[in-house]
Amino acid sequence: MGVHYPEVGVCGLSCRLCPHYHTVGESRCSGCKGEMRMTVGCPFITCAVKRKGIEFCWECEDGGSCKRWAEHRRLGRERDSFVCYAALEDNIAVIERIGIEAFADEQRLREVQASARAARCRR
């Protein structure tokens, strides 16, 4: 299985919204499916990518009934103030509506726009 969207997490997380994705230096994260994260893993990487050979939880035949993924999404909505987790459920809805490729393109555009705004603020 090849990784086609390293900046979109197995669970639907948008890495482009994460501050660690934009950090310069050793603490920079190359995305949920970057080399380091794939080695260390998370329960979703282990289950979907390593065991089932799929890139995303929603591609799994058990996705709709997966308790771990449902709990992860619920906690993102209810308890997590980290912007990339707070948007998780919305990300999944958008992906289901427009597809992963269009979602990834949209996230790249948002990243470029945010960088341009930040550059203007620094002036």
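The values are calculated or read from the model by the stated rules, or taken from the named source; none is laboratory data. Model, not experiment: these values are computed from the prediction. Please note: Cβ atoms are built from the backbone with ideal geometry, for glycine as well, and neighbour counts cover all protein chains shown.
A few remarks follow.
- Residues (modelled with pLDDT under 80 and polar (S, T, N, Q)) located in the stretch 43-94: 81
- Which listed residue is farther than 25 Å from residue 97 by Cβ and surrounded by fewer than 11 Cβ atoms within 10 Å (Cβ to Cβ), from 46, 39: 39
- The residues on offer are 75, 88, and the sole one that is among the aliphatic types (A, V, I, L, M) and within 11 Å of the chain's Cα centre (by Cα) is 88.
- Failed criterion for residue 61 (all others in (1) outside any helix (DSSP H, G or I); (2) in contact with a Phe, Trp or Tyr (Cβ under 9 Å, 6 or more places away or on another chain) hold): (2)
- Leading residue by the ranking (surrounded by the fewest Cβ atoms within 10 Å (Cβ to Cβ)) among those in the stretch 13-36 that are in contact with a Lys or Arg (Cβ under 9 Å, 6 or more places away or on another chain) and assigned to a helix (DSSP H, G or I): 20
- Scanning the stretch 64-84 for residues that are outside any loop (DSSP other than H, G, I, E, B) and over 22 Å from residue 103 (Cα atoms) gives 65, 67, 68, 71, 75, 78.
- On the stretch given as the stretch 102-122, residues that are in contact (Cβ under 8 Å) with a residue 60 or more places away in the chain and of a type in the set (Asp, Glu) total 1.
- Test: residue in the stretch 59-69 that is closer than 26 Å to residue 119 by Cβ, among the acidic types (Asp, Glu) and surrounded by fewer than 18 Cβ atoms within 10 Å (Cβ to Cβ): no
- Per the listing 115, 27, 65, the residue uniquely in contact with a His (Cβ under 7 Å, 6 or more places away or on another chain) and among the small types (Gly, Ala, Ser) is 27.
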